[in-house]
Amino acid sequence: DGGITQSPKYLFRKEGQNVTLSCEQNLNHDAMYWYRQDPGQGLRLIYYSQIVNDFQKGDIAEGYSVSREKKESFPLTVTSAQKNPTAFYLCASSPVDRSLEQYFGPGTRLTVT
Amino acid sequence: RKEVEQDPGPFNVPEGATVAFNCTYSNSASQSFFWYRQDCRKEPKLLMSVYSSGNEDGRFTAQLNRASQYISLLIRDSKLSDSATYLCGGGYQKVTFGTGTKLQVIP
């Protein structure tokens, strides 16, 4: 079955540690996105990538980094510089012919204490 | 003003009722619009895409009003299983999402 996978579903880290969230898709989609969702807030765009080896900052990129070495994979690193990292992180992808129509993975809930 | 705004609700409606949500957007260059359904602690799932004036899929109808810069979602014959948060999104080169409207269908 085609889809987007994110792992792990729940992640706990101590403050000051970097952590990498995985996102893989087998939909052959060109574009991939990372969002965070906080309670009572909408989805906020962190980074996005429209082709391999290229990515752009979203609205809240500070404290995060990404890479896009393969079409299928778009990992997100939450660094210790991110001041409020506890959130629900969602990865999405979209096909080239409907580039804004996004399909989401199941998300990773990150808790940093 | 937020780029995409929605009434957070909750909308509490009886089973079988018709309910409508609106979503306003401020970027007049926005071309593509979407409605997503999000269940508690789950990912958003694409419900409908709206590229022109509207779209219909069974009990769900989405309308786009470019002059007044809003999109709407109409749900007819509400089911208990329609209870969820409905997110709207729109944009030109990237999508901006609203905070969602919570719907509770009651027996």
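The values are calculated or read from the model by the stated rules, or taken from the named source; none is laboratory data. This is a predicted model, so every value here is computed, not measured. In this analysis, Cβ positions are derived from the backbone assuming ideal geometry, glycine residues included, and neighbour counts consider all displayed protein chains. Just the protein is used for accessible areas: all its heavy atoms, side chains included, with ligands, DNA and RNA removed. Shrake-Rupley method; radii C 1.70, N 1.55, O 1.52, S 1.80 Å.
In the set (1) away from chain B (no Cβ under 14 Å); (2) among the aromatic types (Phe, Trp, Tyr); (3) under 24 Å from residue B:38 (Cα atoms), residue A:64 fails one condition alone, (3). Counting the residues of the stretch A:69-113 that are touching a Gly at 6+ places or on another chain (Cβ under 7 Å), of a type in the set (S, T, N, Q) and either within 13 Å of chain B (Cβ to nearest Cβ) or open to solvent by less than 60 Å² (accessible area, probe 1.4 Å) (or both) gives 2.
For residue A:15, the conditions (1) in a loop (DSSP other than H, G, I, E, B); (2) under 10 Å from the mean Cα position of the chain (by Cα) all hold with the exception of (2).
Checking each residue in the stretch A:35-60 for being over 15 Å from residue B:89 (Cα atoms), within 8 Å of chain B (Cβ to nearest Cβ) and not in a loop (DSSP other than H, G, I, E, B) picks out only A:48. Restricting the search to the stretch A:65-113, which residues are at pLDDT 95 or above and charged (D, E, K, R)? Result: A:68, A:69, A:70, A:71, A:72, A:109. Answer yes or no: is there a residue in the stretch B:46-54 that is within 11 Å of chain A (Cβ to nearest Cβ), open to solvent by 20 Å² or more (accessible area, probe 1.4 Å), without any contact (Cβ under 8 Å) to a residue 24 or more places away in the chain and within 27 Å of residue A:110 (Cα to Cα). Yes - at least one qualifying residue is present in the stretch B:46-54. Does residue B:62 count as more than 27 Å from residue A:59 (Cα to Cα), crowded, with 17+ Cβ neighbours inside 10 Å and touching a strand residue (DSSP E or B) at 6+ places or on another chain (Cβ under 7 Å)? Criteria met by residue B:62. Scan the stretch A:81-95 and give yes if some residue there is over 24 Å from residue A:13 (Cα atoms), in contact (Cβ under 8 Å) with a residue 60 or more places away in the chain and part of a strand (DSSP E or B), otherwise no. Among the residues of the stretch A:81-95, at least one is over 24 Å from residue A:13 (Cα atoms), in contact (Cβ under 8 Å) with a residue 60 or more places away in the chain and part of a strand (DSSP E or B), which makes the answer yes.
If the condition is being assigned to a strand (DSSP E or B), farther than 30 Å from residue A:4 by Cβ and open to solvent by 30 Å² or more (accessible area, probe 1.4 Å), then the stretch B:1-44 contributes B:12, B:14, B:20.
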